[in-house]
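> Following this message is one structure expressed as structure tokens.
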Amino acid sequence: MRISNVTIRNFRQLKDVNINFRRVEGRKDLHILYANNGVGKTNFLNAISWCLYGEESHLRNQHTSLFIPTNTVVNEIRTTTGTGRIEVFVSIQITTDGSEDYTFKRTETYNVNSDEVTLISKMFDVQHYNGSSENPIIDEDEQRQIINKYLPQEISNFFFFDGEQLEEFFSAEQLVNVKDGIQNLTQASYLKKVSSYLDTYLKRELSPKIREMGSDDLRNTEQIVLQLSESIEREKINIGIYSKQQKEAEAEVEKCSKIIHGCDSLPQIQQDHKKLEEKIELLEKDKKQKEQEIIVFAKEYFILFNYYNSISSFRSYIKNEMGQGHLPPAIDKNLLKDILETKTCPVCQTQHLPASSIEHIENLLKKLSVSSNASAILNQTVPVLDSLVEKLSNYKKTKTKLFGDYTRITEELTSTEEKLQKTENYLKSIPDADSIAKAIENKRIFQKLIEECIGNVAVTKRNIENFEAELKRATAKRDELLSSSKKLEAIKKKIDYVNSLNSILEETTQEVLDECRIEIQEQTFKIFTDLLSKEDAFSKVEIDSDYSFQVFDKFGQNVLGSCSAAETVLLALAFTLALQNVSKRDALLFIDTPVGRVDLDNRKNFMSTLLKATDSRQVILTFTPAEYSEGVKAILCNEYSSMYNLRFEDGITEIKKQ
Amino acid sequence: MAINKKIIDKIKQKTGTETDKYLAIIELLKTVDDGKQLKKPIEKMLKLFDSI
């Protein structure tokens, strides 16, 4: 399954955006969105989740976020007509493995006036194309089923994941939904659905017949069987509720612990903050110096290029004259003139030189066009001119180096400034004493709740065991009574048949889920260790039946909570890829700012793994200029099918294909 | 979308020579996959069972 096209209108800063994720032949199914921070990369991801699920899953803060319609359009209405309507829509076209296309389109209309923006209508359309015809899917359940078939909402964070919000990736809260998602991906949900319906059929269709046609004893026994089955079902539902409450309470305890212990690493973070400030100061100095060098370079080469023709022709002239022996290297023109006048040799003082010697000297004199002094100056000029010409020939090399250095410094500066910003945000978010006291109190309450839930689960499990034992006895009695009744023989056979189908379905469900979990566990660890730059740091990954994660170091300690941000990103990616591999559902992978938290050492492995992932699925990545470093660019530049540059102008994001 | 091969193999293995059970379960799974209601196929299955 892949996304082939996304169209967005008036969704936050994305006023009018259409992106076609066409795969280019010979290239990977890899697509890049490139933009500065705040331009709309994450909102592009939000637009997708809003369209599919009606929720924006990737907002930094759900409570303080602005209304959806594009702010500039709202302001335009307010300043021109005062009031008006604005339609927001996001349309996503997907192509499935069976070459069927679906288009999902969510539309909301808002009323705008001077005080508020109010939602007045909303709509969700799904269109199905099977290659020859187009059919609208109107039924809401069917619409939801189609989305869940390809991109289940419960685990949507494992397809559309935000590199900046991965702290929550393995939290108890997040993993509550994973189990349901796995059931959808493995189709264990199909098995459960059939099994549950067969149960319902037994109760609604076959059981009433027994009560209608059977003896009093049989009727009573069947009633007991029915009541016990219902009690077991009810208790199973209760276990689910208690477990969910427990997970939620565990998530709250985690949150409280973060507030309480969040200040543990404060001295280290303050030290890092100082180091980052110092680094920025040095980088700014380097940047200024490079800028000066660039100005000098530009001035120098401006002059050199202006005089290039003169320098070049002057140098050629001298070399030509020298080559033809027209420049006096050792013979002095004035000396030759003296010899001709005095007809005397200046070396041996012989007078009356012969005519042949005079003629030779006259020929020499004709060849020499300048005096020895001038010749000496011209000779001295040659190396200078040579060096100028050489300098000019090095223009490209010098320019590339100078601008390369400048770009590297600027990128490092931007990335350091981003890190500083994050550190500052963290320092600003350190809770005050009241919040810590409240967190301690809440932690105690939630811990008590966890204990209660554990107790309730244990009691409920015991109840189920008792009910099941009673049910076994009642069912045996019922079956015996049924067997003795000729007229109910056919119904008994049907019940036995349905029960035997049900036990096959239940066994298969359990096996599929267990095998899937073990396989995901093994693959996650394998991919994770392949991704890591440091070897042997971790010994295994364990995923329990509730899909809670444990990551063990080589000493056998669970270290998930103390994994670095980079390691968490790598583990999240490993889990996502393992999940998709095992479920044989090669859904797409959309990663917002994938390398934001990944250090330079791990980036190469990370990008190579993502490239490998594109062999079987579509991958869409977003980058800031600082993240799209030379190293990342070198790995991706000849591989991607499309790259879009998002630019923010006048409050609106514009998209340009590169 | 087709039914997961792993599921098909497991059901085949568990039903063994009872082909009618295998076919019945696969039919019901396909019904779920198509997003259709299960009531009619179950009734059809049990009618077939009556005739066996």
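> So in the range B:27-52, with the set limited to residues that are hydrophobic (A, V, I, L, M, F, W, C), within 10 Å of chain A (Cβ to nearest Cβ) and part of a helix (DSSP H, G or I), which one is surrounded by the fewest Cβ atoms within 10 Å (Cβ to Cβ)?
Per the stated criteria, the residue is B:Phe49.
> Name the residue, out of A:Asp405, A:Asp432, that is touching a residue at least 24 places away in the same chain (Cβ under 8 Å) and of a type in the set (Asp, Glu).
Every option except A:Asp405 fails the conditions.
> Ok, one more. Across the range A:502-533, which residue is farthest from A:Leu185 (Cα to Cα) among those that are more than 14 Å from chain B (Cβ to nearest Cβ) and free of Cβ contacts under 8 Å to residues at least 60 places away in the same chain?
If we take residues in the range A:502-533 being more than 14 Å from chain B (Cβ to nearest Cβ) and free of Cβ contacts under 8 Å to residues at least 60 places away in the same chain, then A:Thr529 is farthest from A:Leu185 (Cα to Cα).
> So which of A:Glu222, A:Glu321, A:Glu230, A:Glu291 ends up being surrounded by 14 or more Cβ atoms within 10 Å (Cβ to Cβ), at pLDDT 85 or above and not small (Gly, Ala, Ser)?
It is A:Glu222.
> Looking at the structure I just gave you, is A:Ala458 away from chain B (no Cβ under 14 Å), in a helix (DSSP H, G or I) and exposed (fewer than 15 other Cβ atoms within 10 Å of the Cβ)?
Spelling it out, A:Ala458 is indeed away from chain B (no Cβ under 14 Å), in a helix (DSSP H, G or I) and exposed (fewer than 15 other Cβ atoms within 10 Å of the Cβ).
> Oh, and also: Just the residues that are over 14 Å from A:Phe159 (Cβ atoms) and either hydroxyl-bearing (Ser, Thr, Tyr) or over 13 Å from the mean Cα position of the chain (by Cα) (or both), please, taken from the range A:585-614.
Scanning the range A:585-614 gives A:Thr593, A:Asp599, A:Leu600, A:Asp601, A:Asn602, A:Lys604, A:Asn605, A:Ser608, A:Thr609, A:Lys612, A:Thr614.
> Given (1) over 30 Å from A:Ser564 (Cβ atoms); (2) away from every other protein chain (no Cβ under 14 Å), identify the lone condition not met by A:Tyr497.
All conditions are met except number (2).
> Still on this structure: Is it true that A:Leu218 is out of contact with any Phe, Trp or Tyr (no Cβ under 6 Å at 6 or more places or on another chain) and within 14 Å of chain B (Cβ to nearest Cβ)?
So A:Leu218 does not fit the description; no.
> So, one more: Among the residues of the range B:1-26, write down those that are outside any helix (DSSP H, G or I), within 17 Å of A:Glu506 (Cα to Cα) and at the interface with chain A (Cβ under 10 Å from one of its Cβ atoms).
Residues satisfying the conditions are B:Ile3, B:Asn4.
> Now for a different question. Within the range A:442-465, can one find any residue that is aromatic (Phe, Trp, Tyr) and in contact with an Asp or Glu (Cβ under 6 Å, 6 or more places away or on another chain)?
Within the range A:442-465, one or more residues are aromatic (Phe, Trp, Tyr) and in contact with an Asp or Glu (Cβ under 6 Å, 6 or more places away or on another chain).
> Quick one: is A:Leu611 in contact (Cβ under 8 Å) with a residue 60 or more places away in the chain, part of a helix (DSSP H, G or I), crowded, with 21+ Cβ neighbours inside 10 Å and not small (Gly, Ala, Ser)?
No, not satisfied.
Here is a yes/no grid of residues against (1) closer than 30 Å to A:Ile635 by Cβ; (2) touching a residue at least 12 places away in the same chain (Cβ under 8 Å); (3) among the hydroxyl-bearing types (Ser, Thr, Tyr):
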{"position": "A:Val6", "(1), (2), (3)": "yes, yes, no"}
{"position": "A:Asn18", "(1), (2), (3)": "yes, yes, no"}
{"position": "A:Asp29", "(1), (2), (3)": "yes, yes, no"}
{"position": "A:Phe67", "(1), (2), (3)": "no, yes, no"}
{"position": "A:Glu87", "(1), (2), (3)": "no, yes, no"}
{"position": "A:Thr109", "(1), (2), (3)": "no, yes, yes"}
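> Another question, if that's okay. Pull up the range A:636-658, narrow it to residues that are at pLDDT below 80 and not in a loop (DSSP other than H, G, I, E, B), then point me to the one that is surrounded by the most Cβ atoms within 10 Å (Cβ to Cβ).
Among those residues, the one meeting the criterion is A:Thr653.
> When residues of the range A:618-635 are filtered for being touching a strand residue (DSSP E or B) at 6+ places or on another chain (Cβ under 8 Å) and either part of a strand (DSSP E or B) or surrounded by fewer than 19 Cβ atoms within 10 Å (Cβ to Cβ) (or both), how many remain?
The number of residues fulfilling the criteria is 6.
> If A:Phe555 satisfies all but one of (1) in a loop (DSSP other than H, G, I, E, B); (2) of a type in the set (Phe, Trp, Tyr); (3) under 28 Å from A:Lys41 (Cα atoms), what's the number of the condition it fails?
(3)
> Which residue pairs have Cβ atoms under 8 Å apart, sit 6 or more places apart or on different chains, and have a first residue in the range A:452-476 that is more than 23 Å from A:Arg219 (Cα to Cα) and a second that is acidic (Asp, Glu)?
A:Thr460/A:Glu235; A:Asn463/A:Glu235; A:Ile464/A:Glu235
> Please indicate, with yes or no, whether at least one residue in the range A:252-260 is closer than 15 Å to A:Thr410 by Cβ and part of a helix (DSSP H, G or I).
Among the residues of the range A:252-260, not one is closer than 15 Å to A:Thr410 by Cβ and part of a helix (DSSP H, G or I), which makes the answer no.
> Confirm whether A:Arg9 is within 20 Å of the chain's Cα centre (by Cα) and surrounded by fewer than 21 Cβ atoms within 10 Å (Cβ to Cβ).
Spelling it out, it is not the case that A:Arg9 is within 20 Å of the chain's Cα centre (by Cα) and surrounded by fewer than 21 Cβ atoms within 10 Å (Cβ to Cβ).
> Tell me, yes or no, whether the range A:276-290 has at least one residue that is closer than 24 Å to A:Ile377 by Cβ, among the β-branched types (Val, Ile, Thr) and part of a helix (DSSP H, G or I).
No: the range A:276-290 contains no residue that is closer than 24 Å to A:Ile377 by Cβ, among the β-branched types (Val, Ile, Thr) and part of a helix (DSSP H, G or I).
> Answer yes or no: is there a residue in the range A:513-533 that is of a type outside the set (Asp, Glu) and outside any helix (DSSP H, G or I).
The answer is yes, given that some residue of the range A:513-533 is of a type outside the set (Asp, Glu) and outside any helix (DSSP H, G or I).
> Within the range A:292-302, can one find any residue that is in a helix (DSSP H, G or I), closer than 30 Å to A:Glu418 by Cα and either more than 41 Å from the chain's Cα centre (by Cα) or not hydrophobic (A, V, I, L, M, F, W, C) (or both)?
Within the range A:292-302, one or more residues are in a helix (DSSP H, G or I), closer than 30 Å to A:Glu418 by Cα and either more than 41 Å from the chain's Cα centre (by Cα) or not hydrophobic (A, V, I, L, M, F, W, C) (or both).
> So, A:Ile241, is that one assigned to a helix (DSSP H, G or I), in contact with a Pro (Cβ under 8 Å, 6 or more places away or on another chain) and not hydroxyl-bearing (Ser, Thr, Tyr) or not?
It is false that A:Ile241 is assigned to a helix (DSSP H, G or I), in contact with a Pro (Cβ under 8 Å, 6 or more places away or on another chain) and not hydroxyl-bearing (Ser, Thr, Tyr).
The values are calculated or read from the model by the stated rules, or taken from the named source; none is laboratory data. Just so you know, these numbers come straight off a predicted model, no measurement behind them. Ideal geometry is used to build each Cβ from the backbone, glycine not excepted, and the neighbour counts take in all protein chains shown.
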